[in-house]
Amino acid sequence: MTNKIPVWIDVDTGVDDSAALLVACKLPQLDIRGISAVAGNVVLANSFENTRRVCALAGRSEIPIYPGADRPLFNVLETASHIHGEDGLGGAEIPPSPAPVETKPAWDALYEAAVACGGELQVISVGPLTDLAIAFQKYPELKTLIKRILIMGGAAKGGNVTPCAEFNIVADPHAAQMVFKAGVQVVMCGLDVTMQAYLTHPELAQIENYDSDVCRFMGTAIARAKAFYAAIIAPIVCLHDVCPVLFAAYPHIFSGEEAGVYVETRGTITNGKTVTDLWSDKQFPEKNAFVVLDVDREAFAGLVTDILTSY
Ligand code: BDR
Ligand code: CA
């Protein structure tokens, strides 16, 4: 028996997904039972290949990586190449993985891992929730086998694709709604907390200037995101996807509140909004989520820097 937390990670590997994977692969608290790649920031072929390469770079090519959905359940796929580059890694080149290519669909592999973990598996999802929704549809008993789902997605306030919708949720709102309704607690690391989860340029420089393959890769991959954030927000880069990974291992640096959360799937101007009852007189019947609202930013930046420079 091990005290490690068994986790499954679902990614749409762009730049901050890469950081999330590199952090997760180093955390002694986590036992990564499998990883799946979904279409989102980039098309599935790139998401899958990037995930394989980043895990190999982390020295973890023994972790099996499965292909997931190549499109949202009903919507047309819209990628985010303006932030992550056409390839998803901001043009950074890393060697192919030596691992055999898995062909089992993500939802089947996830179900098998959940059965093997006997109800203890935690799922960390940092892309559109399509793979998880398909898994819940195909295996209704899965809801009894997953302990909790930690996502990067949504926002109690605001949005980054529309004034009220965040990328991972608006990319596949129907899938997200299925996940919030599945009956498993969702830890929602939305923009409320992930916009606080940034590194400043001097903090990023510590990683960029560190002499290792992982840090050289992050330095190149993050350049485009740096320019994007500098132009529209400040000289920072938000590492959204690292939040649920660090929440799993260091929950004390985060704070939030239990809430009811559901997703708008039919709105015209509110499509993809994660509607919470946090500040409302009217409450949803169930508190199906823990909405993370704050992080100790300096602790977050310190952990990310320490972990990435430990490669
Ligand atoms: C989310 O969208 C993607 O671009 C990032 O990887 C992150 O998962 C932020 O809205
Ligand atoms: Ca992502």
Exclusive hit being farther than 24 Å from Pro6 by Cα, more than 16 Å from ligand 2 (Cβ to nearest atom) and among the small types (Gly, Ala, Ser), set Ala156, Ala171 = Ala156
Are there any helices (runs of 4 or more DSSP H) wholly within segment 207-311 with 2 or more residues that are surrounded by fewer than 19 Cβ atoms within 10 Å (Cβ to Cβ) and not aromatic (Phe, Trp, Tyr), and if so which?
-> 213-232, 297-308
Helices (runs of 4 or more DSSP H) wholly in segment 93-201 with at least 3 residues that are open to solvent by 10 Å² or more (accessible area, probe 1.4 Å) and within 12 Å of ligand 1 (Cβ to nearest atom) - which ones?
-> 167-171
Residues of segment 131-158 that turn out to be over 10 Å from Asp10 (Cα atoms), in contact (Cβ under 8 Å) with a residue 60 or more places away in the chain and more than 11 Å from the chain's Cα centre (by Cα), as a count | 5
Subset of segment 33-61, residues within 16 Å of ligand 1 (Cβ to nearest atom) and outside any helix (DSSP H, G or I), comes to Ile35, Ser36, Ala37, Val38, Ala39, Gly40, Asn41, Val42, Val43
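Taking the condition in contact with a helix residue (DSSP H, G or I) (Cβ under 8 Å, 6 or more places away or on another chain) and not in a loop (DSSP other than H, G, I, E, B), does Leu89 pass?
Spelling it out, it is not the case that Leu89 is in contact with a helix residue (DSSP H, G or I) (Cβ under 8 Å, 6 or more places away or on another chain) and not in a loop (DSSP other than H, G, I, E, B).
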Pair list, Cβ under 8 Å, 6 or more apart: segment 168-192 residue over 20 Å from Cys243 (Cβ atoms) and among the charged types (D, E, K, R), other residue open to solvent by less than 30 Å² (accessible area, probe 1.4 Å) and modelled with pLDDT of 95 or more = Lys181/Asn288
In segment 75-106, which residues are touching a Lys or Arg at 6+ places or on another chain (Cβ under 6 Å) and in contact (Cβ under 8 Å) with a residue 60 or more places away in the chain?
-> Leu77, Gly85, Gly90, Ile94
Do we have any residue at all in segment 251-264 that's touching a residue at least 60 places away in the same chain (Cβ under 8 Å) and among the polar types (S, T, N, Q)?
-> no
Selection count where residues are over 20 Å from Val304 (Cβ atoms) and within 16 Å of ligand 1 (Cβ to nearest atom), scope segment 13-32 = 0
Given the conditions (1) charged (D, E, K, R); (2) more than 13 Å from ligand 2 (Cβ to nearest atom); (3) open to solvent by less than 20 Å² (accessible area, probe 1.4 Å), and given that Asp16 satisfies all but one, which numbered condition is not satisfied?
-> (2)
Could you tell me whether any residue of segment 50-68 is within 30 Å of Ser280 (Cβ to Cβ), in contact (Cβ under 8 Å) with a residue 40 or more places away in the chain and surrounded by fewer than 24 Cβ atoms within 10 Å (Cβ to Cβ)?
-> no
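The values are calculated or read from the model by the stated rules, or taken from the named source; none is laboratory data. None of these values were measured; they are calculated from a predicted model. As a convention, Cβ positions derive from the backbone with ideal geometry for all residues, glycine included, and neighbour counts pool all protein chains shown. The area values use the complete protein model at the heavy-atom level, side chains included, leaving out ligands, DNA and RNA. Shrake-Rupley method; radii C 1.70, N 1.55, O 1.52, S 1.80 Å.
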